[in-house]
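Worksheet: one structure, shown below.
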Amino acid sequence: MAGVILNNVTKNFGKFIAVKDINLDIKDGKFITLVGPSGCGKTTTLRMIAGLEDITSGELRIGGKFSNYIQPKDRGISMVFQSYALFPHMTVAENIAFGLKIKKVARDTILKKINWVLDLLDLTGLDDRRPRELSGGQRQRVALGRALVLDPEVLLLDEPLSNLDAKLRLKMRTELKRIHRKIGSTIVYVTHDQVEAMTLSDEIAVMNKGVLMQVGPPLEVYDKPENKFVAGFLGSPPMNFIPVDLVKDNSKFYLDVKDFKILIPDQKADKVKKNAKIGEELIFGIRPEDITRIEKAKDVHQGNKIETIIDVIEPMGSELILSLATGKHIIQATVDPDIHLKVGQKMTVAIDTNKMHLFKLDNEETIF
Ligand code: ATP
C-alpha cells in the first residue's frame, strides 16, 4: 500500500490556474475525499495523481517515491471515472478480467476475483451481459469492479456514484466503506456532494477555485471550519450567516444584529479581543441544528433568545426545516416534527452560543 503526498502542486491550463499550490499528505490506507463546487479543481488534482495530467509545478510522491514523471500504468493506481469507459464488445466478466489478463494473472485466480467482485457489487448473474444490456448504475459498478480486482495501492474515484439512483447510491456508499475496510487501499475520492464526502471519508479536503481551503476529519472540519466558505459548504440546510456589529456593554461582548443581540460567551472573548475591534462589521454564523425552540432549550438568557415568526415549514419526515423571520433576516432552524406549528405563528428560539461561529467580513476567516 502507498500514501500520496502533494507538495505545492499547481496546474495551469495556459494562463488559467486550475489548481493552486496544493499541499496534501494522504496517509497510507486512508480514504480522503476532495470536495467542492463544480470547477474547483477536484478532477484536475485526481488526474495529476493518476498521471493523466502533467503537473505544472510542485512535487507528487506516491509511496514515498517522486512520481511526477512516472507513467500512469507504473504508478500502482486504478482510476474509476464518472464516465465509465467499458469495452462495449466485451461481457461484464471480460471487462472485469481485462486488466488481470494483461498482467498475465492465472486463470483460476481471475475467475475467483470475478466472482468476488460480482458478489461484492451486487452484479451476480450479469457476467455474460454486454455493457449496452446494463443500466447506468450497473455499468458504473462494473467499472468499479474492474478497478478493484487489480488490488491497486491507490484507488482514485471520480464521482463513481453519480449515475446511481438515490437508493442505490446510499447502499453503495455503505458498501464502499466496507470495500475500503476489506481492501485497505488508499482511496482518493472526488465528489461535489458534501453528504457523500462527510459520510465516506477518514478525511475531507475542501477546495474552492483551485485552492485547498481545509483538510481534516469530517466532523472536525464541520465543527471547526477555518473560513466562511467551508462553514457554508458543509451542512444541509447550510449554516445561517448574518451581518453583525461587534459591541461591548458592561465588559461583555455582543453581536448586534439590529433586531436582536447575541451575547458572546466569556470563553470566546479572548479570540474576539485579539481579532476584532469594537464597532467592526463581522459575520455571525449558526447552524440550523443549533437553534432550538425555547421550550426545549437547555440554556436560555437575554443574550441568546430570538423572537421570530414562522415563514416557511418544510417537513423532512424525521425533522422540520423552519424558515424563521426575525424582522430583518430569515434564519433556518431544524426542529422535531410538530403538526401544531403553523405559518405566521410566533416562535421564540434560543441559539446555542457555544456552537456559534464568527467570521471576518473582509477575508472571511474564522474568529471562532
Ligand atoms: P466538476 O465537479 O464540475 O467536475 P472539478 O472541480 O472537478 O469540477 P476540474 O474538472 O478539475 O473541476 O476543472 C477545474 C478548472 O479547470 C475548471 O475551470 C475547468 O474549466 C478547467 N479545466 C479543466 N480541464 C481543462 C483543460 N484541459 N483545459 C483548460 N481548462 C481546463
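The values are calculated or read from the model by the stated rules, or taken from the named source; none is laboratory data. Worth saying up front: this structure is predicted, and the values here are computed from it rather than measured. In this analysis, Cβ positions are derived from the backbone assuming ideal geometry, glycine residues included, and neighbour counts consider all displayed protein chains. Remember, those area values only see protein heavy atoms, side chains included, never the ligands or the DNA or RNA. Shrake-Rupley method; radii C 1.70, N 1.55, O 1.52, S 1.80 Å.
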TODO: Just order 144-152, 71-79, 313-321 by mean Cβ neighbour count inside 10 Å, highest at the front, would you?
DONE: 144-152, 71-79, 313-321
- [ ] Give the angle, between 0 and 90 degrees and rounded to the nearest 10, that separates the Cα long axis of helix 266-275 from the longest principal axis of the Cα atoms of the chain.
- [x] 80 degrees
Open item on the list: Considering only protein heavy atoms and a probe of 1.4 Å, how much of the accessible area of the range 187-273 is carbon and sulfur, as a whole percent?
Closed with: 49 percent
- [ ] Any chance you could run the full-extension gain for residue 119 through residue 269? It's 0.36 nm times the residue separation minus the Cα-Cα distance, nm to one decimal.
- [x] 48.4 nm
Task: Cα→Cβ-extended label distance, 7 Å offset, between residue 65 and residue 259, nm - done: 6.0 nm
Task: Globularity ratio of the range 1-157, using Cα Rg and 2.2 N^0.38 Å - done: 1.14
Open item on the list: Taking 0.36 nm per residue of sequence separation and subtracting the Cα-Cα distance, how much length would be gained by fully extending the chain between residue 278 and residue 181, in nm to one decimal?
Closed with: 29.8 nm
- [ ] Return the sequence-ordered ³J(HN,Hα) values of the range 45-51 in whole Hz as given by the Karplus equation 6.51 cos²θ - 1.76 cosθ + 1.60 applied to θ = phi - 60°, using x for Gly and Pro.
- [x] 4, 4, 5, 5, 5, 6, x
Open item on the list: Output wanted: per-residue J couplings in Hz (rounded whole) for the range 88-94, from phi through Karplus 6.51 cos²θ - 1.76 cosθ + 1.60, θ = phi - 60°, x for Gly and Pro.
Closed with: x, 8, 9, 6, 4, 4, 5
Task: In Å², nearest 10: area of residue 54 left accessible to a 1.4 Å probe - done: 120 Å²
Task: For the range 192-199, Karplus couplings with θ = phi - 60° (6.51, -1.76, 1.60), whole Hz, Gly/Pro x - done: 9, 8, 5, 5, 4, 4, 5, 7
TODO: Calculate how steeply helix 107-120 sits against the longest principal axis of the alpha-carbon atoms of the chain, using the helix alpha-carbon long axis, and give the answer as 0 to 90 degrees to the nearest 10.
DONE: 30 degrees
Open item on the list: Let me check the size of the chain from its C-alpha atoms; what are the radius of gyration and Dmax in Å?
Closed with: 24.7, 80
TODO: Kindly express, to the nearest 10 degrees and within the range 0 to 90, the angle between helix 136-148's C-alpha long axis and the longest C-alpha principal axis of the chain.
DONE: 70 degrees
Task: Separation between Cα centres of the range 225-257 and the range 1-62, rounded to whole Å - done: 32 Å
